[in-house]
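Participant: Have a look at this one.
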Amino acid sequence: MIRRWITLIVLFGCASLYAQNINLYLTLLEKGQMQEVKDNLPELLDRYPNEAGIYFLQAMVNNNGELSLGQFQSLAQKFPNSEFASKSDMKVGEYLFARGLYSQASIQFKRTIYKYAEGDHHQRAMDLMVNSYFATGQEDSAKVALKIIKQLYPSLNYDQYGIEGLDKTNRDVRLIRLDSDATTSKIKSRKARRSLVIPKNIPKPWVIQVGAFGKYENANRLKKQLQGHGYATEVHTLNSNGKRLHAVRIVRFETKEAGNKIGKRLKKKFGLDFRVLNNPE
């Protein structure tokens, strides 16, 4: 019995020490003392290898924006119940917003608001979501999202946006039980309708290239995202100035104009830059 109590005391003490360490280093970051946090990271990772907060610190002090983005995304996936999951998803949205990828940012912030009921991020996420919608001229989309969010979090500040009619809703937001068999059948049916069938006898030399990545994992991630929205997407490996790249392309189109039309749609919806290419390697 005594041994059990000792074990519990030790475990509680370790958890308390971990929390104190995290709060200390977060305070240092707020004060701009990034180097001190960097210097202590190896020891923290060795001491707390399974704690989300340590990986949050690691992503925060990473000077490479793209690598830091991947670390935040990985943290949110590996530690979905941690308090740092919502913080990490917020950082992903802030990165997209800072890069001017407003369409992707609005989706990310809206998802973060819906996904995490707990936390103090809702007002800031909503502010950035609305600004992202306004930046792309999607005031109607902002209004629709705010109507739903207001039912979930009525105490937030909505008056600052100058959008009228947020209290007028046609239906309540509620959870419903889905029939898994029926849902699966509908999804398969929709995917079948969205599948792109390319007749062999019609030449379609044009493709839309939406990115080229040094890491295949990043290219494959974007490919899966676009495929999930119904776009026939492929990853092609190529060499550019002696560097191995993985190009993400949407295939194929009979004319350049048709490719440009889809490209502009992608730009508006996802914030992706694009090039329409004729029979690339």
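Laboratory data are not the source of any read-out in this text; all were calculated from the coordinates shown. For clarity, every value in this text was computed on a predicted model and none was experimentally measured. Heads up, the Cβs are rebuilt from the backbone with ideal geometry, glycines too, and the neighbour counts pull from every protein chain shown.
Participant: Can you give me the P(r) profile for the stretch 193-278? Cα pairs, bins 5 angstrom wide beginning at 0, each as a whole percent.
Facilitator: Percent of Cα pairs in each bin: 3, 15, 24, 26, 19, 10, 3, 0, 0.
Participant: A follow-up question, please. Using a 10 Å cut-off on Cβ atoms, rank the peptides 130-136, 228-234, 152-158 from the highest mean neighbour count down. All intermediate terms of the calculation are to be shown ahead of the outcome.
Facilitator: On the way: 130-136: 20.0, 228-234: 15.1, 152-158: 12.4.
Listed from highest to lowest mean packing, they are 130-136, 228-234, 152-158.
Participant: Assuming 1.306 mPa s and 10 °C, estimate D for the stretch 2-161 with Stokes-Einstein, Rh taken as the Kirkwood radius over Cα pairs, in µm²/s. Present the calculation step by step, with values, prior to reporting the outcome.
Facilitator: Numbers: Rh = 17.4 Å.
In µm²/s, the coefficient is 91.
Participant: With the crude spin-label approximation of a point 7 Å out along Cα→Cβ, what separation in nm comes out for E217 versus I148?
Facilitator: 3.0
Participant: Need one number: nm distance between label points at T237 and L28, each 7 Å from Cα along Cα→Cβ, rounded to one decimal.
Facilitator: Each label point is offset 7 Å from its Cα along the Cβ direction, giving 4.1 nm.
Participant: To continue, here is another question. How large is ³J(HN,Hα), in whole Hz, for each residue of the stretch 239-248 in order, when computed from phi with the Karplus curve 6.51 cos²θ - 1.76 cosθ + 1.60 and θ = phi - 60°, using x for Gly and Pro?
Facilitator: In residue order, the calculated couplings are 10, 10, 6, x, 10, 7, 10, 10, 8, 9 Hz.
Participant: Separate question: What order, most packed first, do the peptides 143-149, 28-34 have when packing is the mean number of other Cβ atoms within 10 Å of each residue?
Facilitator: On the way: 143-149: 17.9, 28-34: 11.7.
With the highest mean Cβ count within 10 Å placed first, the list reads 143-149, 28-34.
Participant: Take the alpha carbon atoms of the stretch 261-277, find their center, do the same for the stretch 225-250, and report the distance between the two centers in whole angstrom.
Facilitator: 14
Participant: Tell me, what is the percent relative contact order of the stretch 2-161, built from C-alpha pairs under 8 Å that lie six or more residues apart? Please report the intermediate quantities before stating the final value.
Facilitator: On the way: 131 pairs, mean separation 19.4, N = 160.
After rounding, I find 12 percent.
Participant: Which of the GluC sites (Glu not before Pro) across the stretch 51-127 are loop residues per DSSP, with 15 or fewer other Cβ within 10 Å? Before the final figure, lay out each step's value.
Facilitator: Values: sites: E51, E66, E83, E94, E118; in loops: E51, E118.
The qualifying sites are E118.
Participant: Past 21 Å, Cα to Cα, is the threshold; run K143/K269; K204/K256; K215/K269 against it and keep the listed order.
Facilitator: Values: K143/K269 17 Å; K204/K256 10 Å; K215/K269 24 Å.
Violating the 21 Å limit, Cα to Cα: K215/K269.
Participant: Turning to a different aspect of this structure: So for the pair A117, D167, with labels modelled 7 Å out along Cα→Cβ, what separation do we get in nm?
Facilitator: 2.6
Participant: Shifting gears a bit: Determine the gain in length on full extension of the stretch D127-E257; use 0.36 nm per residue of separation and subtract their C-alpha separation, reporting nm with one decimal. Before the final figure, lay out each step's value.
Facilitator: Working: separation 130, 0.36 × 130 = 46.80 nm, distance 3.67 nm.
This chain segment gains 43.1 nm when fully extended.
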